[in-house]
Structures are given as structure tokens and as C-alpha cells.
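Before I ask anything, let me first share the structure, which is written out below as C-alpha cells.
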Amino acid sequence: GSHYAPPIETNCLVHRTLSTRDYVKVKYHAISAIVSCDNIHIFISGMMSWLVCHGVSIPYFSLCVDAAGYRPGVLKLLQRVRPGWREDSVNFKIFEGGVTNFLVGARCGEDTVLVRIYGSNTEKIINRQSEISNLVKLNKCLGSPPVYAHFGNGVCYGFAKGRQLELHELYDLSVARKIAREMAKMHTISISDVEAKQPLLYNKYLSGWINEIPESLGSDAKTTRMKKLIGSMENLMKECQTLKDHLDELKSPVVFCHNDLNHRNIIYSEEKDSLTFIDLEYGGPNFRGFDLGDFFCEFAGIDNV
């Protein structure tokens, strides 16, 4: 009854094809699951999770979820990624504090799935395809939560158990050491030779983002404040070139960076005494020094917007 999900247009973002070894694993798990599982929907959910965790493919569903009335859309999505869940057993929680997204958690029993609904026009500053690839990389390399699916205006992925770090905890040396170790691990994630020549600071921040600066902000007061803080576009471009000239001399290695490591994006698990980095919207190849510098800029906290 409530488990049935009608057909929906689907395709996959393929990250790699199955090797012979993986094919044998899939076949073994499929036979075992069918033999031992009375509910085929639970089997499908489990198999999809296994494939995603092993970086094979990310299902895409052609639906959009309205953040203002998220429940129907999220339930429709859950029919695909968690077909074994009953609607009347699902509890929802809104995660506050997001600047560019609306984040809702769906829980059934001990299992929790996160659904991130993208903010309007955020694709102008965030490459959502890269974000999904980043989440897959972290799952494969650092054991971060897997990605279950992406859809018209968002992504569905696993829940990192724990709590967000408080700002004052960044001053704790034991916490700082854990952050340093996790950052070092992230910086060892492999990037291509092409990516190494295109650090995001140059390729995106100092070019693409600047081009998105509007001439006015809709009110005289806001526009005046913006021009006072930023100055003319001509001077801003000159400052960027000066910055680039200095950075080129430093020869900081280009590695895989988080690029937005504030305390809200660090989850602490008391059970495992470990940290997990979340929200890879801005992640990608960048100067190692940028990740370190950005972290200490975020050290003072961020304004509520």
C-alpha cells in the first residue's frame, strides 16, 4: 500500500563502471538479499546504498521539492531512496543555520536521511555537480556519509551522527589537533593534473564570483554601503591581480580543499571521539594555504544573515 512508488523518470550520474570483482560482490549480495528478504523494496534500498557507498553511481530523480512545503516532495523522494519506510513512521527535523540551502532530516527508526534543497540562484556561485562529486570522494576516501540520490533542486545523502562544534571548542587544543589531522587527510585526496592547474581561488573566486557582483542592491543605502566596502570594480580587479602575483611566488601546493571549514561544518561524534567535515559545496582543488587561512578567518565565527 504505502510502500508502492509509481515509476518516475530516472538516470544515473556514473562515477565508474563495475569491475569483475565488484560484479561478483553485487551478484552475491543480490542473491543473499533476495533469499533472506521478504520485502523486495527493502532489498532495492539496501542494494542502492551498497552501490552508492562503493562509488558506482548516483541515481537522479526528476522531481523538485518546495522548501516552503517540503513534506510531500521529501516523502516522494523517500519512496525511491528508502522504499521500506512507511510514511506514518517518518519524523522530520529542520536544521537551522543554512545560508545557501534548506536542510531537512527524515528519520525512521535508527536510520536518518538528509535532504538538502538548494537556495534560489545559488548555482551562480556553487557548482552543484562538483558538490555531489565531492561528497562521493569524501565517502570513498574518509568514510563520510554516502550520497543516495540527487534531484531537480537538491541532493539526498547520509547523516553524520554527532553534533556541530561550538565556536569556543576551536580553542581546545585536543579539538584543534583532530581538525588538523582530518584536514591533512582531506588534503591527500587525489586530484587530476588538470585540476592542480586550476585552483578555485583563481578559477572561480577571483573571476566568476566577482563577475556576479551587481551594480546595485535594490536600495540606495545597501548600494552605498557596498560601494564603500568594495570600491570600484577597476580597483577591485587590480587588487586581485596584486594578490595573484604574491600568491604565485609562494608556490603553495594545490590540493583538495574544503574551502569553507567553519565550526558549523565540523561534526563531533562523542561515541567515536572523531570529527567529520560536512557541506562540501565549495570543496575542490585549491591552494593548501587557502584552506588553512580560511579556517582561521572562520575562527572568529560568522555573522547571521
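Name the residues in the range 131-166 that are under 11 Å from the mean Cα position of the chain (by Cα), in a strand (DSSP E or B) and within 17 Å of VAL65 (Cβ to Cβ), would you?
Once the filter is applied, which keeps residues that are under 11 Å from the mean Cα position of the chain (by Cα), in a strand (DSSP E or B) and within 17 Å of VAL65 (Cβ to Cβ), the range 131-166 yields VAL147, GLY154, VAL155, CYS156, TYR157.
Still on this structure, please answer the following. If the Cβ limit is 6 Å and pairs must be 6+ apart or interchain, which residue in the range 196-212 that is over 18 Å from GLU234 (Cβ atoms) pairs with which residue that is part of a helix (DSSP H, G or I)?
Pairs found: LEU201/PHE290.
Here's something else I'd like to know. List the number of the failed condition for HIS54; all other conditions in (1) at pLDDT 95 or above; (2) surrounded by 17 or more Cβ atoms within 10 Å (Cβ to Cβ) hold.
With respect to (1) at pLDDT 95 or above; (2) surrounded by 17 or more Cβ atoms within 10 Å (Cβ to Cβ), HIS54 is out only on (1).
Follow-up. For ASN121, all conditions in the list (1) in contact (Cβ under 8 Å) with a residue 60 or more places away in the chain; (2) out of contact with any strand residue (DSSP E or B) (no Cβ under 7 Å at 6 or more places or on another chain) hold save one; what is the number of the exception?
For ASN121, the failing item is (1).
Restricting the search to the range 60-76, which residues are outside any loop (DSSP other than H, G, I, E, B) and either in contact with a strand residue (DSSP E or B) (Cβ under 6 Å, 6 or more places away or on another chain) or among the aromatic types (Phe, Trp, Tyr) (or both)?
Within the range 60-76, TYR60, PHE61, TYR70, VAL74 qualify.
It is to be established whether one or more residues within the range 188-208 are among the small types (Gly, Ala, Ser), closer than 23 Å to TYR60 by Cα and open to solvent by 50 Å² or more (accessible area, probe 1.4 Å).
no
Evaluate the range 213-234: report whether one residue or more is among the aliphatic types (A, V, I, L, M), open to solvent by less than 40 Å² (accessible area, probe 1.4 Å), touching a helix residue (DSSP H, G or I) at 6+ places or on another chain (Cβ under 7 Å) and not in a helix (DSSP H, G or I).
no
Among ILE126, ILE117, which is open to solvent by less than 20 Å² (accessible area, probe 1.4 Å), closer than 26 Å to HIS263 by Cβ and assigned to a loop (DSSP other than H, G, I, E, B)?
When all the criteria are applied, what remains is ILE126.
Follow-up question, since we're still on this one. Looking only at the range 167-193, how many residues end up being over 27 Å from VAL104 (Cβ atoms), part of a helix (DSSP H, G or I) and of a type in the set (D, E, K, R)?
The number of residues fulfilling the criteria is 5.
Pull out all pairs, ordered by first then second residue, where Cβ-Cβ is under 7 Å, the residues are six or more apart or on different chains, the first lies in the range 134-154 and is basic (Lys, Arg), and the second is at pLDDT below 90 and not in a strand (DSSP E or B).
Close Cβ pairs (under 7 Å, with a partner that is at pLDDT below 90 and not in a strand (DSSP E or B)) amount to LYS140/GLY55.
Kindly indicate whether ARG177 is open to solvent by less than 20 Å² (accessible area, probe 1.4 Å) and either under 12 Å from the mean Cα position of the chain (by Cα) or closer than 25 Å to PRO285 by Cα (or both).
No; evaluated as a whole, the condition is false for this residue.
If you check LYS222 against the conditions, is it in contact with a Leu (Cβ under 6 Å, 6 or more places away or on another chain) and not hydroxyl-bearing (Ser, Thr, Tyr)?
Against the criterion (in contact with a Leu (Cβ under 6 Å, 6 or more places away or on another chain) and not hydroxyl-bearing (Ser, Thr, Tyr)), LYS222 does not qualify.
The values are calculated or read from the model by the stated rules, or taken from the named source; none is laboratory data. This one's a predicted model, so the numbers in the text were calculated from it and none came from an experiment. Heads up, the Cβs are rebuilt from the backbone with ideal geometry, glycines too, and the neighbour counts pull from every protein chain shown. Keep in mind that these areas ignore ligands, DNA and RNA; they rest on the heavy atoms of the full protein, side chains included. Shrake-Rupley method; radii C 1.70, N 1.55, O 1.52, S 1.80 Å.
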